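Enquirer: This is the structure I have questions about; it appears just below.
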Amino acid sequence: MPEEQPKVIYKDSASRSVQQEKIKFGLKIKLSVFVILLIILVVSIIASVLTMTITKREEKQSAQQMVRNMNLSIEYLSSTASDAIVSFDDLLLVNTIEKVSGFEDVEYIIVTDKKNYVLGHSKGVDQIGRKLTDKLSITALKSDKVIIQPEFKHNDLAPSYEISSPIMFRDKKVGVARIAYSTASIFHNLLIVKRNIILTSILVIIGTLALGVLGSIFLASITTKPVKALVDGLRAFGSGDLNFRIKIRSRDELGYLADEFNKMAKEMKEYQKLQVEREVEKNLFAMAKKIQSSLVPQEDLVLKSINVAKYFRTVFGVGGDYYDYFEIGKDHLGVLVSDVFGKGMPASLVMVTIRALLHTYKGGILNSTAELVDIINKRIWMDFKGEQYATLFFIIIERKTGKLIFTNAGHLPLLVYRKSAGTYMIKENGELPIGMMGDTVYKNYAFKLEKGDLIILNTDGITEAENDKQEQFGDKRLKELIKQNSTSSADKIVSNVIKQVRKFMGDAAQHDDMTFIIIEYKGG
Amino acid sequence: MELKGLSIEVVEKDNGVIFRLNGDIKTDIYSDFLGFFKQKVEKANMIMDFTHVNYMSSSGVGALFNLDKVARENNKKFMLFGLNPSVKKIIELTKLYDKFLIYQTEDEAVKQLN
């Protein structure tokens with residue numbers, strides 16, 4: 001018997017071809033870039049809002065300070081000028097103008113008389129005596145109180161302002177004092193403030209960026225680590241390593257996903273194992289079936305005095321039936337039928353053992369079927385340690401006389417249809433099935449055949465044959481059929497009975513091996 | 001519990017278990033039948049109720065023989081009751097009737113547990 005290795009087929013060749021693709025822009029980088037952009041955006045917004053509010057406040061404060069300075073200096077100028085005009089003290093006026101023009105942000109100083117003739121001017125003595133007729137001068141002259149030109153709006157500063165005040169002496173206007181202030185320094189200061197804010201913002205951005213990048217790399221690695229673990233796991237599963245387990249501790253969606261994948265791998269593994277087992281079992285059964293079929297005679301036997309016809313059908317996955325028939329010398333015919341309990345390899349081995357012993361000893365046992373059954377029983381009992389059983393019916397017929405001896409080890413009783421009388425003869429003698437007890441003593445039982453007798457040998461498979469209503473074909477139906485067909489030859493009887501059994505079964509599946517043998521004794 | 005055409009009901013008793021069988025014990029059930037009951041009879045006294053078993057093949061008798069053997073090896077009792085004539089007949093034909101502890105009724109079998 002050629003040894004066939006069970007073929008184990010892993011059906012994951014498709015998943016093996018999964019290529020390891022390089023990640024171009026990983027989650028880590030994407031997350032980092034996103035966080036950096038977010039930081040820049042937030043800091044920029046904060047910086048511009050800060051710049052706006054701070055410069056506005058600064059502008060207002062500076063303007064208010066300038067107005068205060070303007071009022072103080074004009075008050076000082078007008079009172080001093082009043083003294084100088086009244087006492088015609090030109091030196092005092094010049095000194096005062098010179099002093100005030102040294103004040104911060106002052107552009108020019110003009111002192112006029114009540115008709116707008118220049119009495120003193122910060123830009124030089126050559127201006128003295130000139131009559132001022134410009135709009136600014138006329139407005140200043142006409143006003144009886146301190147005014148600022150142009151109109152002062154601290155949120156929209158002009159490049160320069162002029163504050164003017166009437167110079168009064170004993171409630172009479174004796175002239176006009178005017179000081180022009182430049183706002184250039186305010187704008188300069190604001191520029192510096194803005195620059196500082198921008199500088200600070202940039203520093204903040206750089207600082208937070210540094211922190212942010214570190215933080216996002218950390219965050220990203222927390223997130224991408226389990227993702228990488230998942231990818232590694234799937235890759236391992238894909239390449240057939242179903243023992244791999246993804247280890248993710250976090251109890252978030254990724255952890256849940258990992259659990260699911262692990263569960264899937266476990267189930268796939270079990271399924272694969274089952275598939276392999278099935279495959280192995282299938283192969284073993286196929287082998288067992290092959291063994292079984294190769295052990296039994298394929299042709300019917302037609303002798304001068306005896307015809308032997310048979311039907312034999314094995315079922316996939318169910319071991320069991322074995323039969324054999326052979327001439328012993330010139331005068332004898334041996335027939336053996338056995339039903340091994342169980343299926344697959346062990347049953348096949350029992351069968352092989354029976355056959356080997358039968359063919360070794362068949363030549364020397366003309367007078368005792370029991371002797372051979374004894375040998376077989378002891379061997380099976382020893383080899384299979386009392387765990388494998390079989391029924392066995394062994395019969396030897398003396399062809400000339402029709403005398404037969406048989407031994408029945410737990411098999412169905414000897415059943416003979418006597419055509420001449422139209423009756424069945426049953427002999428229920430026998431002992432235990434083989435393999436059960438090592439010390440069972442099997443006996444020879446005798447029977448005398450008459451011309452036309454039919455010996456019926458079968459296994460349970462025939463009588464157990466079921467139709468789709470789960471009814472069994474049964475003993476009665478079988479006997480009745482044989483009786484009806486008894487005038488036909490052995491092979492015809494067999495084929496007719498089997499035809500009826502098949503008809504009875506219909507589409508229902510066959511569960512068991514079927515062996516059906518008719519021995520027709522035609523007389524010596 | 002259902003094995004190929006045979007349903008099994010388990011009744012726990014003080015000193016053993018009754019298995020009520022319902023259906024047929026055919027040839028193809030042999031391995032499953034043996035596998036199922038073997039591990040049970042190793043641990044406890046076992047009574048099989050055959051009242052609703054209509055048919056048993058000779059291999060079924062073989063399975064009972066094996067269970068009886070396992071029970072003896074483990075000092076447990078393996079008993080049968082309620083055998084109908086055809087089941088009784090097949091056990092007789094396989095010449096094993098005397099080997100088993102067979103009782104007519106459930107009460108008789110249960111009595112043996114104590």
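The values are calculated or read from the model by the stated rules, or taken from the named source; none is laboratory data. None of these values were measured; they are calculated from a predicted model. A quick note on method: Cβ atoms are made from the backbone with ideal geometry, for glycine too, and the neighbour counts reach across all protein chains shown. Quick note on the areas: whole protein, heavy atoms, side chains included, nothing else; ligands and nucleic acids left out. Shrake-Rupley method; radii C 1.70, N 1.55, O 1.52, S 1.80 Å.
Enquirer: Between chains B and A, what is the buried accessible area summed over both chains (1.4 Å probe, protein heavy atoms, nearest 100 Å²)?
Expert: Buried surface at the B/A interface: approximately 2100 Å².
Enquirer: I would also like to ask the following. Treat each spin label as a single point 7 Å out from the Cα along the C-beta direction, and report the B:Asn15 to A:Phe326 distance in nm.
Expert: Reported label-point gap for B:Asn15 and A:Phe326 is 5.3 nm.
Enquirer: A follow-up question, please. Kindly report the accessible area of region A:390-450 per residue (heavy atoms of protein chains, probe 1.4 Å, no ligands, DNA or RNA), in Å². The partial results should precede the final answer.
Expert: Working: 2170 Å² over 61 residues.
Here the per-residue accessible area is 36 Å².
Enquirer: Is the shape of chain B rounded, prolate or oblate, going by the alpha carbon gyration tensor and its root eigenvalues a ≥ b ≥ c, with a/c under 1.5 for rounded and a/b larger than b/c for prolate? Please list the in-between numbers first.
Expert: On the way: a/c = 1.32, a/b = 1.23, b/c = 1.07.
Cα axes put chain B in the rounded bin.
Enquirer: Return a whole-number percent for the relative contact order of chain A, with Cα pairs under 8 Å and 6 or more residues apart as the contact set. Before the final figure, lay out the partial values.
Expert: Details: 878 pairs, mean separation 62.2, N = 524.
Rounded, it is 12 percent for chain A.
Enquirer: Just need the relative contact order of chain B here, percent rounded to a whole number, with Cα pairs under 8 Å and 6+ apart.
Expert: Working: 204 pairs, mean separation 27.6, N = 114.
Computed over chain B, the figure is 24 percent.
Enquirer: Next question. Which percent of the accessible heavy-atom area of region A:296-521 goes to carbon and sulfur, probe 1.4 angstrom?
Expert: Details: 4690 of 9100 Å².
Carbon plus sulfur share of accessible area: 52 percent.
Enquirer: Between the helical axis of A:90-101 and the dominant principal axis of chain A, each derived from Cα atoms, what acute angle in degrees is found, rounded to the nearest 10?
Expert: Around 0 degrees separate the two axes.
Enquirer: Still on this model: Is the shape of region A:377-524 rounded, prolate or oblate, going by the alpha carbon gyration tensor and its root eigenvalues a ≥ b ≥ c, with a/c under 1.5 for rounded and a/b larger than b/c for prolate?
Expert: Values: a/c = 2.50, a/b = 1.13, b/c = 2.21.
Oblate shape, in that a/c is at least 1.5 and b/c is the bigger or equal ratio.
Enquirer: Could you list, in their original order, any pairs among A:Lys492/B:Lys95; A:Lys266/B:Lys40; A:Lys427/B:Lys26 whose Cα atoms are separated by more than 26 Å? Write out the running numbers ahead of the final one.
Expert: Details: A:Lys492/B:Lys95 34 Å; A:Lys266/B:Lys40 30 Å; A:Lys427/B:Lys26 24 Å.
Result: A:Lys492/B:Lys95; A:Lys266/B:Lys40 exceed 26 Å.
Enquirer: How large a share of the accessible area of region B:2-111, in percent, is made up of carbon and sulfur atoms when the probe is 1.4 Å and the other protein chains stay in place?
Expert: Details: 2110 of 4700 Å².
With neighbouring chains kept in place, the figure for region B:2-111 is 45 percent.
Enquirer: What FRET efficiency do you get for A:Thr401 and A:Lys479 if R0 is 35 Å and r is their Cβ-Cβ distance, rounded to the nearest 0.05?
Expert: Details: r = 27 Å, r/R0 = 0.76.
About 0.85, to the nearest 0.05.
Enquirer: Then there's this: For region B:50-92, what is the Kirkwood hydrodynamic radius in Å, using each pair of distinct C-alpha atoms?
Expert: 10.9
Enquirer: If you stretched the chain out fully between A:Phe169 and A:Val146, how much longer would it get, using 0.36 nm times the residue separation minus the C-alpha to C-alpha distance? Kindly include the intermediate steps, with their values, before the conclusion.
Expert: Details: separation 23, 0.36 × 23 = 8.28 nm, distance 1.53 nm.
Stretched fully, the A:Phe169-A:Val146 segment lengthens by 6.8 nm.
Enquirer: Which of the residues in region B:28-47 show a loss of at least 10 Å² in accessible area from their chain by itself to the complete set of protein chains, at a probe of 1.4 Å?
Expert: Relative to the lone chain, where solvent access is computed with a 1.4 Å probe, region B:28-47 loses at least 10 Å² at B:Asp28, B:Tyr30, B:Ser31, B:Lys38.
Enquirer: If a paramagnetic tag sat 7 Å from the Cα of A:Leu366 along the Cα-Cβ line, which residues of region A:412-445 would have the backbone N under 20 Å from that point?
Expert: A:444-445
Enquirer: Want the number for A:Asp507 to A:Leu203: 0.36 nm per residue separation, take away the alpha-carbon distance, what's left? Intermediate values should be presented prior to the final figure.
Expert: Details: separation 304, 0.36 × 304 = 109.44 nm, distance 8.89 nm.
Result for the pair: 100.6 nm of gain on full extension.
Enquirer: Report, to two decimal places, the Cα Rg of region A:242-287 normalised by 2.2 N^0.38 Å (N = number of residues).
Expert: On the way: Rg = 15.9 Å, N = 46, 2.2 N^0.38 = 9.4 Å.
Against the compact-globule rule of thumb, the ratio is 1.69.
Enquirer: Let me ask something additional. Keeping the other protein chains in place, figure out the carbon and sulfur percent of the accessible area of region A:130-288, with a 1.4 Å probe.
Expert: Ligands and nucleic acids excluded, carbon and sulfur give 63 percent.
Enquirer: For A:Thr223 and A:Leu72, calculate 0.36 nm times their separation in residues minus their Cα-Cα distance, and state this gained length in nm to one decimal. Intermediate results must be reported in sequence, preceding the final value.
Expert: Working: separation 151, 0.36 × 151 = 54.36 nm, distance 6.71 nm.
Gain on stretching A:Thr223 to A:Leu72: 47.7 nm.
Enquirer: Further, regarding this structure: Which net charge results when you count Lys and Arg as +1 and Asp and Glu as -1 among the other residues whose beta-carbon is under 12 Å from that of A:Glu267?
Expert: After counting each charged neighbour, the total is +2.
Enquirer: Rounded to two decimal places and with Rh computed the Kirkwood way over Cα pairs, what is Rg over Rh for the protein assembly as shown? The partial results should precede the final answer.
Expert: Details: Rg = 59.3 Å, Rh = 35.3 Å.
That ratio equals 1.68.
Enquirer: Tell me the label-point distance for the pair A:Ser486, A:Ala286, using the 7 Å Cα-to-Cβ offset, in nm and rounded to one decimal.
Expert: Here the answer is 4.7 nm between the modelled labels.
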